[in-house]
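The values are calculated or read from the model by the stated rules, or taken from the named source; none is laboratory data. In this text, all values refer to a predicted model and were calculated from it rather than measured experimentally. So basically every Cβ, Gly included, is an ideal-geometry build from the backbone, and we count neighbours across all protein chains shown. We work out accessible area using only protein heavy atoms, side chains counted, and drop any ligands, DNA or RNA first. Shrake-Rupley method; radii C 1.70, N 1.55, O 1.52, S 1.80 Å.
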Amino acid sequence: MKLYIIAGEASGDLHAADLLKALKERIPVLNTRAWGGDLLKAEGAEIVKHYRDLAFMGFTEVLMNLRTILKNIGFCKKDIIQFRPDAIILVDYPGFNLRIAEFAKKSGIPVYYYISPQVWAWKESRVKKIREVVDKLFVILPFEKEFYKKFNYDVEYVGHPLPDVLNRKRIHFPDRNTFLTNTSLPDKPIIALLPGSRKQEISSMLPIMLSVQSDFPEYQFVVAAAPSLADSFYNEVTGEVKIPVIKGLTYELLIHSHAALVTSGTATLETALLNIPQIVCYKGGTISYLIARALIKIKFISLVNLIMDKEVVKELIQNDLTTQHLKDELSKIVYGSKREQILNDYASLQNKLKTGGAAKNTADLICKDLLQKGIL
């Protein structure tokens, strides 16, 4: 069987790789081409384009790179025609993937979408398009099934994949002394900095995160670096500020941290599932932010707060993300009573998420549909 997978970001590569592994257990012979990264490659997929060449964030950044994006879409369509897959699996990355879904549907290729586009935040008009061009949609947030039900669209809630990822990795986490030795870090409490995975957001987020370092002298600030970016890039961003940069050990860093400053995204949920109190940070380009504020309908930007439908962790967004505000809020979770409140809310969050088996549940449902279609 021939399978085509498109995952345009690091988190998509991770969850797509887990799904591919589960599919290989059910379909012994799979020939897979993918847009993704090293994890999909490790599962045997032939990588057409790496996600690091695909990710553009913000409205203005997308417009500036529109020619490249359209060129990639055209190339992807031609590659699909030449490969002639039996099915296509799309993972998040909606601006690109929904165009490919429409093309695939017209070409008679079954389309499975794992991890819904965040249409509940903005662009509800996309629901009609998704319903038309996607054979099966698999959602990972508990409120998404009810959201789609409002549009008479029955989707499959498969649970969130992160608990599986963390449980798998947790058994390999080193103890604190081993971690400090392996990373050459001193024996001081750690505040982890997760500034994102794209150059644009890191250049914007990391300097402001570092601006409060001198206010917490008893702590060491440590950067969780994106594996796909060179060390020299982080050196350019941090400049004269001396700070450890740890690559490829984000979970290990978090588990041994006292608190974290996290750029909004999947990392906010990862940090919560590891029980690390955090402050969620975001600052984008002015034009992109103003457009987003006009369009986005949700109360929060972090997955933690969205799932809980209340402010569990503080969100410092755009003009609110200042050195003084960051200092004040970090003090509350490092020294104050807010720490205990966050940890209690994290326990409730974990109870809300369907625990375990997201990739396996999705693989079972895909195989069932392929059997019904006579493809398997």
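Data for the structure
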| item | result |
| --- | --- |
| Calculated log₁₀ intensity ratio I(q)/I(0) where the Debye formula runs over C-alpha points of the stretch 181-287, q = 0.19 Å⁻¹ | -0.95 |
| Calculated SAXS-style log₁₀ I(q)/I(0) at q = 0.17, 0.20 Å⁻¹ - the stretch 319-376, Debye, Cα scatterers | -0.73, -0.83 |
| Residues whose placed amide H lies under 5 Å from that of Lys314, excluding near-sequence neighbours | Val280 |
| Separation between Cα centres of the stretch 116-170 and the stretch 299-336, rounded to whole Å | 26 Å |
| Cα-based reach from Lys2 at 14 Å (exclusive), listing aspartates and glutamates while leaving out same-chain residues under 8 positions away | Glu46, Asp79, Asp86 |
| Too-long pairs where the Cα-Cα distance tops 23 Å, listed order kept, from Lys71/Lys360; Lys78/Lys106; Lys21/Lys368; Lys105/Lys129 | Lys71/Lys360 |
| Per-residue ³J(HN,Hα) for the stretch 153-165, Karplus 6.51 cos²θ - 1.76 cosθ + 1.60, θ = phi - 60°, Hz, x for Gly and Pro | 10, 8, 10, 9, 8, 9, x, 8, x, 5, x, 5, 4 |
| Local electrostatic count at Lys71 - Lys and Arg +1, Asp and Glu -1, tallied over other residues with Cβ under 13 Å | +3 |
| Rounded percent of accessible protein surface that carbon and sulfur make up, the chain, 1.4 Å probe | 50 percent |
| Average projection area in nm² (convex hull over Cα atoms of the chain, one quarter of hull surface) | 18.3 nm² |
| Sequence-distant residues sharing a close amide H with Thr32 (under 5 Å, placed H) | Leu3, Glu46 |
| Bins of 5 Å, starting at 0 and running to the largest distance - Cα pair percent for the stretch 138-210 | 3, 12, 11, 10, 13, 18, 13, 9, 6, 4, 2, 0 |
| Area projected by the alpha carbon convex hull of the stretch 63-158, averaged over all directions, nm² | 6.4 nm² |
| Overall dimensions of the stretch 180-242 as given by Cα atoms, namely Rg and Dmax in Å | 11.9, 32 |
| Largest to smallest principal axis extent of the C-alpha atoms in the stretch 106-181, angstrom | 54, 28, 18 |
| Crossing angle, helix 94-106 versus the chain [Cα axis fit, 0-90 degrees, rounded to tens] | 10 degrees |
| Residue-wise HN-Hα coupling along the stretch 172-185, computed from phi with Karplus coefficients 6.51, -1.76, 1.60 (Hz; x: Gly, Pro) | 9, 5, x, 5, 4, 4, 5, 4, 4, 5, 5, 9, 6, 8 |
| Coordinate range along principal axes, alpha carbons of the stretch 245-285, Å, largest first | 32, 21, 16 |
| The stretch 1-151: mean projected area of Cα convex hull, nm² | 8.8 nm² |
| Helix axis angle, 323-334 relative to the chain longest principal axis, alpha carbon, degrees | 90 degrees |
